[in-house]
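What follows is calculated from the coordinates using simple rules that are stated; it is not laboratory data. None of the values given here were measured: they were computed from a predicted structure. As a convention, Cβ positions derive from the backbone with ideal geometry for all residues, glycine included, and neighbour counts pool all protein chains shown.
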Amino acid sequence: MKKLIALFAITGLIFTSCNNMQTNNPASGPSDEDRRTFREQIKTHNTFRKAFKEENIEMLMSTMADSVKWSPAWYNGNKLLGYDDLKGQLQQYFDQFDDVTFAEGEGLLNPNAPAYWAGSHFSSGENMATTSPVQMRIYGTWSGIHTESGAKVYNKYYGLFGFNSDGKIAGISDWMDISGMQAQIENHIASK
């Protein structure tokens, strides 16, 4: 009888452990809180996009934490830049381009794939899988009209956005082909 009780106790511990592991396991899926946070972050990015379209620097910067860290698309020795650097670069885009828009998901191999991703089920690092939406990946294509030449430019984009507890953008890493924009402008001018 004692062996039977011990067997039931051990079996109960195993099931309890498995259930506890599953609730911390990304395979069990994100929590309702993580889902809500992710939806709010997409809303923040939509405000960011709208501000670009309207060339509204105040609206755009209202989506940023004062302590935002930015890794630009061009190589700069891997230095992280701050709020003022980012604001200055965004203002340059406003000064040099009109009708700047973001086509979410455009350019992905699967045209039906979503533009916004967070969390991961796979990672090359040990125990790095997560359902946390704190880091959001954004895919799509930015386009705009170069003000001086009238050239329509397109730029495939991948960005990694980090958010703070207030829902503000606290970090941005940009990946896009800056020189490709210049080439499109030069080709437009040469074809005139």
- Determine the sum of side-chain charges near R39: Lys and Arg each +1, Asp and Glu each -1, restricted to other residues whose C-beta is under 15 angstrom from that of R39. -2
- Message: Using C-alpha positions alone, give me the convex hull volume of segment 70-188 per residue in cubic angstrom.
- Response: 144
- Note on the structure: The answer for A170, listing residues at least 5 apart or on another chain whose modeled amide H is closer than 5 Å to its amide H, is A65, G162, F163, N164
- Query: For I145, what charge total do you get from the other residues with a beta carbon under 14 Å from its beta carbon, if Lys and Arg give +1 and Asp and Glu give -1?
  - Reply: -3
